[in-house]
Amino acid sequence: GGSTSEDGTTKLVGGTEATFAPFESMDDNGNIVGIDVDVLNAISEEMDFDYELKNIGWEPVFSQITTGEIDFGAAGITITDERKESYDFTDPYFESTLLIVVPEDNTSITSVEDLKDKKVSVQINSTSHEAAKKILGQTNPDILAYENQPLAIQDVINGTADAALGDNAVLIEYMKNNPDAPIKTIEDDSFEKEYYGLMVKKGNEEVLNLLNDGLKKIKENGKLAEITGQEIE
Ligand code: ARG
């Protein structure tokens, strides 16, 4: 993985799904911005490589790593045992957990338990989707799965779904950016801690080591904590 340009610098191509602020979103000039971009910039500076990040969509991040069209995924991707069967991950760079989103005036949903007989919207093949399957049952048609997180939230706003699930930092950012959206978030301690990693094709040690060595450096020199506002081991 990774191509080498004429001057001998490694050039990597990454993929993301950029409707996931504060980790990745499109700015007014059409650039991808956010914590993941800041992390990649810091890593590539430390390790002296060039990279390009493409906004290709969530499921293509996985398939295009498999086909080798891209070298890595940087998309707030949670490190899971299931994904580790097909991909390799760097060390974690961000700690996350899930939150429930409901209409602002809702009083009937106060925990995961209350979601069992409800319509729940999620981003497809996300950890939220996995959680919804656990709560409602693998093939329950009341799980509404969308290409991205904002579409899942939209369902709660327009009443198609009773609740949505999503990553805490992203939902909190959404509420900040959409202060008039008539929704609120609910915490539940039964959601496990999740850790984001950069993802490469299984066995692609060259790219994995490059990213991971850079990540180790920016953990040590405090840059990562500066970017994320979190301390992580
Ligand atoms: N952390 C969750 C997962 O890995 C959601 C990630 C969604 N990322 C995105 N850029 N839309 O399943």
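Readers should treat all values here as calculations from the given coordinates under stated rules, not as data from a laboratory. Model, not experiment: these values are computed from the prediction. Neighbour counts are summed over all protein chains in view; Cβ atoms, including those assigned to glycine, are modelled from backbone coordinates with ideal geometry.
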Proximal aspartates and glutamates to residue 118, defined as alpha-carbon separation beneath 14 angstrom and excluding residues fewer than eight positions away on the same chain: 142, 155, 162
Tail weight of P(r) past 32 Å, computed on alpha-carbon pairs of the chain, percent: 21
Environment charge of residue 206, counting only residues whose C-beta is closer than 12 Å and scoring Lys/Arg +1, Asp/Glu -1: -3
Net lengthening on full extension, residue 63/residue 231 (0.36 nm per residue, minus Cα-Cα): 57.3 nm
Mean projected area (nm²) of the alpha-carbon convex hull when region 121-167 is viewed from all directions: 2.8
Where labels lie 7 Å past Cα in the beta-carbon direction, separation of residue 81 and residue 9 in nm: 4.2
Mean residue ellipticity (222 nm) of the chain, computed from DSSP H runs ≥ 4 via -39,500 (n - 2.57), nearest 500: -9500 deg cm²/dmol
Burial ordering of 171, 211, 98, fewest other beta-carbon atoms within 10 Å first: 171, 98, 211
Order of 20, 62 - criterion: other Cβ atoms within 10 Å of each residue's Cβ, fewest first: 62, 20
Degrees separating the helix 35-47 axis from the principal Cα axis of the chain, which is the longest one: 20
Long-range tail of P(r) for region 98-186 (Cα pairs > 18 Å, %): 32
Coil-residue GluC sites (Glu not before Pro) of region 48-88, DSSP, other Cβ within 10 Å capped at 12: 85
